[in-house]
Every structure is written in C-alpha cells, then in structure tokens.
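These notes concern the structure reproduced below.
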Amino acid sequence: MAYFSGEYECTVDTKGRMLLPSRVKVRLPENFNSALVIQKSTDPCLMIYTIPEWEKIAEKVSSLNEFDENTAMVQRNFLRGNTEVDLDNMGRFLISKRMLEHAGITKEAIVVGLGNRLEIWNPEVYDAYLIKDPKQLA
C-alpha cells in the first residue's frame, strides 16, 4: 500500500495537465502501472487513489444494498464521479475541465497526502478548510 503525506505546490497547465510531485511518485507501489483514479470529493477538491486503493473503496460502495433507494443514489453519484488517468513519461496526468471546475482550480494547486490518497485543492479554498487553532487538534 502506498502511503502519502505532506503538502506540495503544483501548477496546472492550460490543457489541464499537472505534474505529480516527485516525492509523491516515489511513494507509489512497486507494481504501479501508471494508472490513477481521480474522484470528486464531497468537499471542493479532488481525490487521487492508486487503482488497488480505489478498488477497495469501490468494492465497499458496490456491496451496499442496491435495492435501497437512498443507497442506490449514493452508489450512482459516488461511482460516476471518478475517472481513470495515466501518468505520461514525465509524470503528468490530465485533469478534465469538469473535475477542475468542481475543485475551483485554474492554475495553482496544492496536493495533500492523506495516507491512502491524495487531495488536490485550490490553495485559497484549501486554507479555509484547515484548522486555525492548534488546540482543536488536541
């Protein structure tokens, strides 16, 4: 399992490509085949998973009772909000316009490592989601 941590400043080019930070790339699993899954978060950001981690989450969501109306709605909305991307030989990947719009990202981005996943944020929006008082962490 890959374990990600830290914050990395990145840029998104006019085509929607972003370079995965080198410190993140070295944390990818040995058997990594260049494919990642980008998922829209319920927060205004994007989540990135390796394929094995995404499959664990998708399995949990898919195993819920599909005949329950609320559960079916969750499955539909959760599983449709993702896309598989490949890293090119430079370590870049393409983020769709829809995904970028969801996160409010135009040019600057912050990549945050959160254990089994990464999040991509608009830096200004990200700051608003951080705890300001360190005592709240206690």
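The figures follow:
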| quantity | calculated |
| --- | --- |
| In the range 6-44, residue least open to solvent (accessible area, probe 1.4 Å) [restricted to those that are at pLDDT 95 or above and among the small types (Gly, Ala, Ser)] | 16 |
| The range 50-108: number of residues that are open to solvent by less than 40 Å² (accessible area, probe 1.4 Å) and in contact with a Pro (Cβ under 8 Å, 6 or more places away or on another chain) | 3 |
| Contacts under 7 angstrom Cβ, first residue in the range 75-88 being touching a residue at least 24 places away in the same chain (Cβ under 8 Å), partner in a loop (DSSP other than H, G, I, E, B) and open to solvent by 50 Å² or more (accessible area, probe 1.4 Å), 6 or more apart | 83/96 |
| Residues satisfying the stated conditions in the range 14-31, i.e. of a type outside the set (Gly, Ala, Ser) and in contact (Cβ under 8 Å) with a residue 24 or more places away in the chain | 15, 17, 18, 19, 20, 21, 24, 25, 27, 28, 29 |
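The values are calculated or read from the model by the stated rules, or taken from the named source; none is laboratory data. These numbers were taken from a predicted model, which means no experiment stands behind them. A quick note on method: Cβ atoms are made from the backbone with ideal geometry, for glycine too, and the neighbour counts reach across all protein chains shown. Heads up: the accessible areas ignore ligands, DNA and RNA and are worked out on the full protein's heavy atoms, side chains in. Shrake-Rupley method; radii C 1.70, N 1.55, O 1.52, S 1.80 Å.
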